[in-house]
Amino acid sequence: MQALCWHGINRLQVDRVPDPGLAGPHDAIVKVSMSSVCGSDLHLISGYVPAMKPGDVLGHEFLGEIVEVGSEVRGLDRGDRVITVSILACGQCEPCRRKDYSCCDNSNPKPAFTEWLYGLPCAGIIGYSHAFGGYSGSHAEYIRVPYADVNVFKVPDGVRDEQALFVSDAAPTGYMGADLAGIEAGDVVAVWGCGAVGQMAMRSAFLLGAERVIAIDRFADRLRLAADKAGAEPLNYEQVDVHEALIEMTGGRGPDRCIDCVGMEAHGTGPQYWYDRTKQQLRLHTERGVALRQAIRACRKGGTVSVMGVYGGFMDKFPIGAIVNKALTVRSGQQHGQRYVQRLFGHIQAGELDPSYLLTHPMPLADGPHGYDIFKTKQDDCLRAVFLPGAGRPAESTVPHGVPS
Amino acid sequence: MHDAYFKPHGQPNVHGMERMGSALAGTTLAAVALRRGGAAGMIGLLAAAGLLGRAVTGRCAVKRMLQPSAYEREIAREHGWKRASATAPSVTINRPRDELYRYWRDFSHLGGFMEHIEQVEVLDDTRSRWTVKAPMGQTVQWISRVTEDRPGERIAWETEAGADVPNAGWVEFRDAPGGRGTEVHAMLAYEPPGGELGRLAAKLSGREPGMQARSDLRRFKQLMETGEVASPATWAPA
C-alpha cells in the first residue's frame, strides 16, 4: 500500500509498504479514507521528539472503514464507519478503569524511553515515534489499531465525515483543555494558539459555560476563524502586548482560565523568545516556553492553567513563583479522548459544534509532503491538510521532498 | 529484605590500601595530564579528579554501582554460589491474587511473557526443565524445583545441581491498597557464568537476566490484564 513515511529531519516521502494485518485478537484493520496532519507531527518531523526511525509512517487523526476485526473484538463489524483515538488505551489497567485513558499502563510496548525521561512509562500513541510504542501511523491506505473495542468508535448517523474526522484528536484535545480548566459560568477564558486544537478549545469553553473567550495567535486567517466560527475575541500578539491586553480586557483581573494550545515550538516576540529559540537550537533545553509563561503570568489569582500543547522535555525560566504566589492550578495531559467522543458526537448532532471548518486543504496521499509543507509554513491559510488515501493520483513512489525547518 | 537490597548511598566504600592507591594514582595522573595538555590532557585531568575524589571522600559511586549489594552477597551465601546477581522488580496488576498465582504456578506459561525463555517443560508437581536463550545464539538448560508454595501468596524456586546457570527466584502476590488489584513482587538471582569478569560484563552490557526481569513483569501484566502482549507489529508474528 501507499504510505507517507519519515526519512530524516524535515524529509518526508510517499513509499510502498506492506499492508498491515491482524497482530492481536483485539485488533481492527481500518481502511483509511481521511487522515489529517496535526501540529504535534511537526515536532516529530523536525526532530524535537527523538526515537523516529527512517521509514516510520506518520499520522494519527483519521477516519475510515473497518475491513477486518480480531477474534476478541465485540463491538465493531466490517463496514463500520469509524474514527480512532490515537492515544491507545487497553481499557483494563487501573488508569484506564479510572478513565485516565492516556495514562494506560499497557499500550506502550517500548516503555524504556518514557520511563527514563518521565519516571514512569507512558501510553502508546499511533504514528508517534518509537518512544510511544513504534505504532505505524494513519497516513496510509490501511492501519492496524490495537484494543479496537476501546479506541475505535462508530460514527453515528447525522455526523458527516469531515466533522467526525476531528473527533479523533483535535476536538477531544480542545474539549479536554476546556474541561480540565474547570470553567465556571461567567468565566473569561484565554486560549493561546488558534490552530485546530485551539479552535476546538474555544468552542468547548463556551459549551462548558464560559462567558467570554479570548483567542491569541499571530495569523490573521486563524484569528478570523476564531472570531467567526468559535465566537472568540481575537488578539494578535505581534500587534499588542498580550499581557497588558489581557489584563486590560478583564478589568485588571486576568483571565479566569488559560489554555495553552501551542506547545514546545512556540513563537513569540522580543528578546525572551529569541533567547528560548537559540537555546533550543543548541539543544540546551527542549521547550520554547513563550506561550506557557505568558499564560501563567496573565492568569487570574486562584485561576487555572490548562496545558494541551505538546511539551516533551525541559523548560528554562519556568515561572513557578507565579504559580505559588497566585495560587494557580496547573492541569495537563495527553487527551483522554475515549472519555469525550460520544459527548462530542452529541454536540455535533445537536448543531452545537462543527469541526468541519478545520479542514482547509483536502488532497491525495501522494501529495503528503506538500501538505505538511503548506501546513508547517501556514501557506494559503492552511489550518489542516487532510490526505485522502483512497482518492486521486495512482500510487507511485515520489522523490524525497523537503519540509522547510 | 528490601533494606538489604537497596544499596546504601553515601556510605564510605573505599578504604585502606585502595584509598591510598587512588590518591597516588590520581596525583600521578594529574601531573602527567597537566604536562601533556590538549584534549587527552583534559580527559586525563578529569579522570585524575575522579581518583582524587574517591581518595579524599572515601566514596566511589562507580564502585557502588558495580559491586554486589549486601543482598546479593547474602543470596550467594544462602545458595552456596561464588557470587550472585539479583534483581527485585515489582508491578501492580489489576487482577485478583489467586488468578495471578494460578497462572504463574503453571511454569509452562512463563515463556509467554519472559522474553528469553524458549520453553519450560513441567516434569512433575515441583520440577520443571527450562530452556533459555543465551548470548550468541546459544541456549542454556536447567531443572528448577519449587521450594516454597503458598497458594495465592508466594512461589519460590531454585535450580537443581548440574544447572548450566545456577539460579533461584521467588514471586509474591499481595493485595494492592484501595482495591487496585495485586502487587506482584519478584526476585530473580543467578550465579553469573565467567566469574567476576562475567558478572561485570553482563552488568555493563545491560544484558544480564536481571535487567530483563522488569520488562518480563510488565509483559505479565499486559497478558493478565488485556489477554495479549502489547506489540507495534503490523502483522501477527509468524
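What follows draws every value from the coordinates through simple rules; no lab data is involved. Small disclaimer: the values here were computed from a predicted structure and weren't measured. Every residue, glycine among them, receives a Cβ derived from its backbone with ideal geometry; neighbour counts consider all protein chains shown.
Tabulated values for the structure
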{"item": "Calculated P(r) tail over 22 Å for chain B, as whole % of Cα pairs", "result": "62 percent"}
{"item": "Share of pairwise Cα separations in the stretch B:104-159, more than 12 Å, in percent", "result": "66 percent"}
{"item": "Highest to lowest packing among B:165-177, B:23-35, scored as the average C-beta count within 10 Å", "result": "B:165-177, B:23-35"}
{"item": "Peptide-level mean, for A:104-117, of C-beta atoms on other protein chains within 10 Å", "result": "4"}
{"item": "Spherically averaged projected area in nm², based on the convex hull that wraps the Cα atoms of the protein assembly as shown", "result": "33.9 nm²"}
{"item": "Cα-Cα separations in the stretch A:174-332 greater than 22 Å, expressed as whole percent", "result": "34 percent"}
{"item": "Alpha carbon convex hull of the stretch A:199-282, volume per residue in cubic angstrom", "result": "103 Å³"}
{"item": "Built amide H within the under 5 Å cut-off of A:Y147, gap 5+", "result": "A:H26, A:D27"}
{"item": "Spatially proximal lysines relative to B:K82 (Cα-Cα < 24 Å; intrachain offsets below 8 disregarded)", "result": "B:K7, B:K63, B:K133, B:K203"}
{"item": "Number of partner chain Cβ atoms within 10 Å, mean per residue of B:217-230", "result": "6"}
{"item": "Amide H contacts under 5 Å for A:V14, placed H, 5+ residues apart", "result": "A:C5, A:T398"}
{"item": "Other-chain or far-sequence residues with amide H under 5 Å of A:V155's (modelled H)", "result": "A:R81, A:V82, A:I83"}
{"item": "Among B:A47, B:A61, B:A134: highest mean-square fluctuation, GNM of chain B, C-alpha pairs under 10 Å", "result": "B:A47"}
{"item": "Under the Karplus curve 6.51 cos²θ - 1.76 cosθ + 1.60, θ = phi - 60°, whole-Hz ³J(HN,Hα) for the stretch A:202-208, x wherever Gly or Pro sits", "result": "5, 4, 5, 4, 5, 4, 8"}
{"item": "Per-residue mean of C-beta atoms belonging to partner chains within 10 Å, peptide A:133-144", "result": "2"}
{"item": "With eigenvalues of the C-alpha gyration tensor scaled by 5 and rooted, the stretch B:155-196, Å", "result": "31, 11, 4"}
{"item": "Within straight-line cross-link reach of A:K110, lysines at Cα separation under 20 Å, skipping those fewer than 8 residues along the same chain", "result": "A:K53, B:K221"}
{"item": "Helix-only [θ]222 nm of chain B, DSSP H runs n ≥ 4, -39500 (n - 2.57) each, per residue, nearest 500", "result": "-13000 deg cm²/dmol"}
{"item": "Helical mean residue ellipticity (222 nm; -39500 (n - 2.57) per DSSP H run of 4+; nearest 500) of chain A", "result": "-7500 deg cm²/dmol"}
{"item": "Cα-based equivalent ellipsoid of the stretch A:266-358: semi-axis lengths in Å, sorted from largest, via gyration tensor", "result": "31, 18, 13"}
{"item": "Estimated vicinal HN-Hα couplings, Hz - the stretch A:61-72 in sequence order (Karplus 6.51, -1.76, 1.60; Gly, Pro = x)", "result": "10, 8, 10, x, 10, 5, 10, 7, 10, x, 5, 9"}
{"item": "Estimated D of the stretch B:78-191 in µm² per second, where Rh is the Kirkwood radius over Cα pairs and Stokes-Einstein applies at 20 °C, 1.002 mPa s", "result": "145 µm²/s"}
{"item": "Within straight-line cross-link reach of A:K31, lysines at Cα separation under 21 Å, skipping those fewer than 8 residues along the same chain", "result": "A:K154"}
{"item": "Whole-number D in µm² s⁻¹ for the stretch A:2-147, Kirkwood Cα-pair radius fed into Stokes-Einstein, 37 °C, 0.692 mPa s", "result": "212 µm²/s"}
{"item": "Spatially close lysines, pair count over the stretch A:174-332: Cα under 21 Å, gap of eight or more or interchain", "result": "4"}
{"item": "GNM flexibility winner over chain B from B:P96, B:P12, B:P192 (Cα, springs under 10 Å)", "result": "B:P12"}
